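Taken together, the values in this text are just the output of simple stated rules run on the coordinates, not laboratory data. For clarity, every value in this text was computed on a predicted model and none was experimentally measured.
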Amino acid sequence: MRINTLSEIKKSLKKLKLKKGSSCLLHSSIIGLGLIKGLSISDIPKKIFDLIFEEIGSNGTLSALTPYYDYALKSKEFDLTKSPSSKNVGAISDFINGRKDSTRSLNPLFNISSVGKKAKFITNQRTTIAFGADSPWDQLFKLNSDIIFLGCDI
């Protein structure tokens with residue numbers, strides 16, 4: 001497994017030239033990213049979150065896909081605040097979803113969790129429709145959100 005340093009990751013994020021106050025959708029994999037020298041695996045999600053917010057600033061917004069696949073696969077009820085995000089989307093998405101200041105959209109399978117200034121704009125829909133006008137994905141588009149792939153690709 002690759003071992004990175006915080007300075008390498010910070011340098012990579014700087015190369016993205018994210019703007020202060022911007023909205024970003026993060027898709028990530030710690031396995032693909034590798035370990036970070038001096039950090040335990042459990043500390044990586046928070047550190048990545050903090051590094052991205054250093055780039056987008058306190059007026060920025062960070063979102064991640066946080067689906068609850070057990071809704072479809074195991075017919076389990078979806079609870080907006082208690083259902084965990086699927087392990088398939090990774091620890092950083094789960095970290096974002098689990099924050100007290102995070103908001104989550106309503107669709108169990110294609111929901112988004114967001115933190116930051118525009119979080120409620122992205123996630124507070126009155127319908128469970130995942131895509132289309134005024135959906136979370138549409139709101140991300142309206143904000144001209146950047147997509148960050150960290151440790152993974154499309």
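With everything on Cα atoms, drop me the angle between helix 6-15 and the longest principal axis of the chain, reported from 0 to 90° to the nearest 10. That works out to roughly 70 degrees.
Sequence-ordered 3J(HN,Hα) estimates for segment 76-89 from the Karplus curve with 6.51, -1.76 and 1.60 and θ = phi - 60° stand at 8, 5, 9, 10, 3, 9, 10, 6, x, 6, 4, 4, 4, 8 Hz, glycine and proline given as x. Computed from backbone phi with θ = phi - 60° and the Karplus coefficients 6.51, -1.76 and 1.60, the 3J(HN,Hα) list for segment 39-50 is 10, 6, 4, 5, 8, 4, x, 5, 5, 4, 4, 4 Hz; x is used for glycine and proline. Quick one: which residues, 5+ away or cross-chain, put their amide H under 5 Å from the amide H of S23? H built at 1.01 Å from N. Amide H neighbours of S23, under 5 Å, 5+ apart: T61, D146. Over the chain, dividing the summed -39,500 (n - 2.57) contributions of all DSSP H runs of at least 4 residues by the number of residues returns a 222 nm mean residue ellipticity of -8500 deg cm²/dmol.
Derived scalar couplings between HN and Hα for segment 124-130 equal 8, 8, 9, 10, 8, 4, 7 Hz in order, rounded to whole Hz, by the Karplus curve 6.51 cos²θ - 1.76 cosθ + 1.60 (θ = phi - 60°), x for Gly and Pro. Of all aspartates and glutamates in the structure, those lying under 15 Å Cα to Cα from K15, and not within fewer than 8 positions of it along the same chain, are E54, E55, D146. For L150, the amide hydrogen comes within under 5 Å of the amide hydrogens of H27, S28, S29, counting only partners 5 or more places away or on other chains and with H modelled in the peptide plane. Please work out the Cα center distance from segment 1-70 to segment 72-102, rounded to the nearest Å. When both Cα centres are located, 18 Å separates them. Relative intensity of the chain on a log10 scale, I(q)/I(0) at q = 0.09, 0.10, 0.21 Å⁻¹, equals -0.27, -0.34, -1.38, per a Debye sum over C-alpha point scatterers of equal strength in the absence of solvent.
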